[in-house]
1. Give the number of residues within the stretch 173-198 that are open to solvent by 70 Å² or more (accessible area, probe 1.4 Å) and either in a helix (DSSP H, G or I) or polar (S, T, N, Q) (or both).
2. Quick check, is Ile30 open to solvent by 30 Å² or more (accessible area, probe 1.4 Å) and either at pLDDT 75 or above or at positive phi (or both)?
3. Does the stretch 36-89 hold any residues that are aromatic (Phe, Trp, Tyr), at pLDDT below 75 and open to solvent by 50 Å² or more (accessible area, probe 1.4 Å), and which are they?
4. Does Asn130 satisfy the condition of being touching a strand residue (DSSP E or B) at 6+ places or on another chain (Cβ under 8 Å), surrounded by fewer than 15 Cβ atoms within 10 Å (Cβ to Cβ) and either farther than 30 Å from Cys231 by Cβ or in contact (Cβ under 8 Å) with a residue 24 or more places away in the chain (or both)?
5. Right, Ser221: at negative phi, of a type in the set (Ser, Thr, Tyr) and more than 20 Å from the chain's Cα centre (by Cα) or not?
Amino acid sequence: MGQCGITSSKTVLVFLNLIFWAAAGILCYIGAYVFITYDDYDHFFEDVYTLIPAIIIIAVGTLLFIIGLIGCCATIRESSCGLATFAAILLLVFVTECVVVVLGYIYRAKVENQVNHSIQKVYNEYNGTNTDAPSRAIDYVQRQLHCCGIHNYSDWRNTHWFKESKNNSVPVSCCLPSITNCTGTLTRPADLYQEGCEALVVKKLKEIMMYVIWASFTFASIQMLGMLCACVVLCRRSHDPAYELLVTTNSYA
């Protein structure tokens, strides 16, 4: 009966190691996605510390590759030292992912204040050229999120670019894609996106942070199961004479 329980735990442990390798790839992908998306929105969100959860999750993903290798070798060779190391590293990663979840919630709560603080500044720096980083960022966001201005297209009236251009038009990135020959003129407001960008940028950044939070929470739960299985195998290997005898017999065979 004890041997059956050990075999079952070992089977689960091997399966979990395979999941860890898959999890490593997923976590690294999510971390990279956060970095890439942050690069598109970094002008609207000045707090670089928001990237800390993404950095940690990439580090955890890399570590999971190593954990999977250690776990497989330790399980196949039935090494007490290897299984103990495997369980200890899993505990460390589990704690780290719990920290990521907490940090994710903290920075997610800060998103709105950060965007509210910086978005007016970015719009005031717009000059309509592709060589200017704030201008590219605004045009990109307005096209991708289908928005115009901070709260709506009328916000452009208060920007330096609008006052200097004196053509009563907003950037063409505000134009609906279905409208041909759109110039952004405010005499035809129906040709423009009606929703402002501030709320949509906040929503997008919060969604990104939720990806990090849910990924960390999900894989932390899996790692908890891995730790339990490793502990079961270790405990039964130490206290089950029949299992010790079987391991010794197999080793000589």
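1. Filtering the stretch 173-198 for residues open to solvent by 70 Å² or more (accessible area, probe 1.4 Å) gives 177-178, 180-181, 183, 187-188, 190, 194-195.
In the following step, the residues that additionally are either in a helix (DSSP H, G or I) or polar (S, T, N, Q) (or both) were identified as 178, 180-181, 183, 187, 190, 194.
Final tally of qualifying residues: 7.
2. Values: open to solvent by 30 Å² or more (accessible area, probe 1.4 Å): no; either at pLDDT 75 or above or at positive phi (or both): yes.
When the stated conditions are applied, Ile30 does not pass them.
3. Keep residues of the stretch 36-89 that are aromatic (Phe, Trp, Tyr), which gives 38, 41, 44-45, 49, 65, 86.
Narrowing the set further to residues that are at pLDDT below 75 leaves 38, 41, 44-45, 49, 86.
Listed by number, the list holds a single entry, Tyr49.
4. no
5. Details: at negative phi: yes; of a type in the set (Ser, Thr, Tyr): yes; more than 20 Å from the chain's Cα centre (by Cα): no.
No, not satisfied.
Table: residues versus (1) among the hydrophobic types (A, V, I, L, M, F, W, C); (2) over 24 Å from Lys203 (Cα atoms); (3) over 24 Å from the mean Cα position of the chain (by Cα); (4) assigned to a helix (DSSP H, G or I).
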site: Tyr126; (1), (2), (3), (4): no, no, yes, no
site: Ala137; (1), (2), (3), (4): yes, no, no, yes
site: Gln142; (1), (2), (3), (4): no, no, no, yes
site: Ile150; (1), (2), (3), (4): yes, no, yes, no
site: Asp155; (1), (2), (3), (4): no, no, yes, yes
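The values are calculated or read from the model by the stated rules, or taken from the named source; none is laboratory data. The structure presented is a predicted model; accordingly, all values stated were derived computationally and were not measured. Neighbour counts are summed over all protein chains in view; Cβ atoms, including those assigned to glycine, are modelled from backbone coordinates with ideal geometry. The protein model used for the area step is the full one, side chains on, heavy atoms only, and it has no ligands, DNA or RNA in it. Shrake-Rupley method; radii C 1.70, N 1.55, O 1.52, S 1.80 Å.
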